[in-house]
Amino acid sequence: MVSVAHAIRWALGKGRRFFGGWIPKKRIHIYTHHKVATALTSKVFREISIYYGLTFKDAPGFHDKVEDSQVVHYWHSQASDKILSSEHLGVHFVRDPRDVIVSGYLFHQRTDEAWCVNDNFEIRGDIDFPQVAFSQVHLTHAEKEEYLEWLNGKSYQENISSLTQDDGLIFEMDGYAGRTIFCMRDWSTNEQILEVRFEEITTNYDEMWMRIFTHLGFENKELAKAMDIAKKHDMGRMSRDQISQNKHISTGKISKWKEYFSENVAREYSKKFNDVHKDIGYD
């Protein structure tokens, strides 16, 4: 249900649009991955869309059809070549794969996302969300059935919470983080899409958002307004209480993998992924 306040803000935005407000010159695409700026970008671009009365579309999982919304957020960067080559301006976020693993390991122990706490393993016809995550819905029936069998009668959260830290991190490598890492590795970009590291947007927040908004066509007062909105969601400007209340932030540290990767975990990472972090641009 949409709140009264939300409805009022949306109506004001449509009013601004009607009376000559800002409209992007090209469709805006936001490409993220699970635990790679998804929550942050959703908040920023949703608020911008509301302010200017723009149409906003969430696109979880794999998508083939080109959307007609003015702002489209592809949660898992699972988009067809048709979408990637369509006329738009986009930004794609990546993160050190080792921190994707740690962040997923911590988040999946406390989240209440339906797929993560799902305990329905009965297979009747198609396997869909929330028996599997949105990022898996496009997989074959056999692949999804194999995933449910891998859970061995327990939810993803029950599995990861019942393991030691080392085994939990390895479980995450075999699970959601592994799929995310291979998706980042196999990503194909083009000149329409700006590539951004998650680490850069946390350490050089204002500078990176200025680059992002400029690339997406924001200018003058619209650029200043977009920057004002982005600054409201800067972790570096948040108090400890604000950080602790944000379910998408584990500790507030930019990189945690060196603290969590034991020799055993590092060895398993190398066996599963080799030097995939170097393929994505990390040392």
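The values are calculated or read from the model by the stated rules, or taken from the named source; none is laboratory data. In this text the structure is predicted, and so the values were computed from the model without any measurement. Cβ: placed from backbone, ideal geometry, glycine included. Neighbour counts: every protein chain shown. Heavy atoms of the whole protein, side chains included, go into the accessibility calculation; ligands, DNA and RNA do not. Shrake-Rupley method; radii C 1.70, N 1.55, O 1.52, S 1.80 Å.
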Any residue on another chain or 5+ positions along whose placed amide H is under 5 Å from the amide H of Ala79 is listed here as His63
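Translational diffusion coefficient of the stretch 118-194 at 25 °C, 0.890 mPa s, Stokes-Einstein with Kirkwood Rh over Cα pairs, in µm²/s as a whole number. Present the calculation step by step, with values, prior to reporting the outcome.
Values: Rh = 14.0 Å.
Reported coefficient: 175 µm²/s.
Taking 45 Å as R0, compute the FRET efficiency from the Cβ-Cβ separation of His138 and Asp283 and round it to 0.05. Before the final figure, lay out the partial values.
Working: r = 33 Å, r/R0 = 0.73.
Using R0 = 45 Å, I get an efficiency of 0.85.
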Correct semi-axes for the stretch 86-233, from √(5λ) of the alpha-carbon gyration tensor and rounded to whole Å with the largest first, are 35, 18, 14
Using alpha-carbon coordinates alone, the radius of gyration and Dmax of the stretch 83-129 in Å work out to 16.6, 42
Relative contact order for the stretch 90-174: what percent, with Cα pairs under 8 Å and sequence separation of 6 or more? 36
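I need the peptides 269-279, 195-205 ranked by packing, meaning the mean over residues of other C-beta atoms within 10 angstrom, with the highest value on top. Numbers along the way, then the final one.
Working: 269-279: 14.6, 195-205: 17.9.
So the peptides 269-279, 195-205, ranked by packing, come out 195-205, 269-279.
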Kirkwood radius from Cα pairs of the stretch 20-62 plugged into Stokes-Einstein at 10 °C, 1.306 mPa s, gives D in µm²/s equal to 138
Over its Cα atoms, what ratio of radius of gyration to 2.2 N^0.38 Å does the stretch 147-188 give? 1.28
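By how many nm would the segment from Met227 to Leu163 lengthen if fully extended, with 0.36 nm per residue of separation less the alpha-carbon distance? Please list the in-between numbers first.
Working: separation 64, 0.36 × 64 = 23.04 nm, distance 4.22 nm.
Stretched fully, the Met227-Leu163 segment lengthens by 18.8 nm.
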Past 18 Å, Cα to Cα, is the threshold; run Lys43/Lys278; Lys35/Lys253; Lys26/Lys57 against it and keep the listed order. Lys43/Lys278
Dipole-positive endmost among His138, Ile193, Tyr156 within the chain (Cβ charges, Cα centre): Ile193
Could you give each residue of the stretch 91-107 its phi-based ³J(HN,Hα) in whole Hz, using Karplus coefficients 6.51, -1.76, 1.60 with θ = phi - 60°, and x for Gly or Pro? 9, 10, 10, 10, 8, 3, x, 5, 7, 4, 5, 5, 4, x, 4, 6, 5
Can you check what the Kirkwood hydrodynamic radius comes to for the stretch 21-142, Cα pairs only, in Å to one decimal? 15.9
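What is the chain's relative contact order, in percent, from Cα pairs under 8 angstrom and six or more apart in sequence? Present the calculation step by step, with values, prior to reporting the outcome.
Values: 366 pairs, mean separation 59.8, N = 283.
After rounding, I find 21 percent.
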In Å², rounded to a whole number, the accessible area per residue of the chain with probe 1.4 Å is 51
Expected output is a single nm value to one decimal: the length gained when fully extending between Thr55 and Lys26, i.e. 0.36 nm times separation in residues minus the C-alpha distance. What is it? 9.2 nm
Can you list the HN-Hα couplings for the stretch 186-191, worked out from phi with the Karplus curve (6.51, -1.76, 1.60; θ = phi - 60°), rounded to whole Hz and with x for Gly and Pro? 8, 4, 10, 10, 8, 5
Surface/4 estimate of mean projected area, convex hull on alpha-carbon atoms of the chain, nm²: 16.1
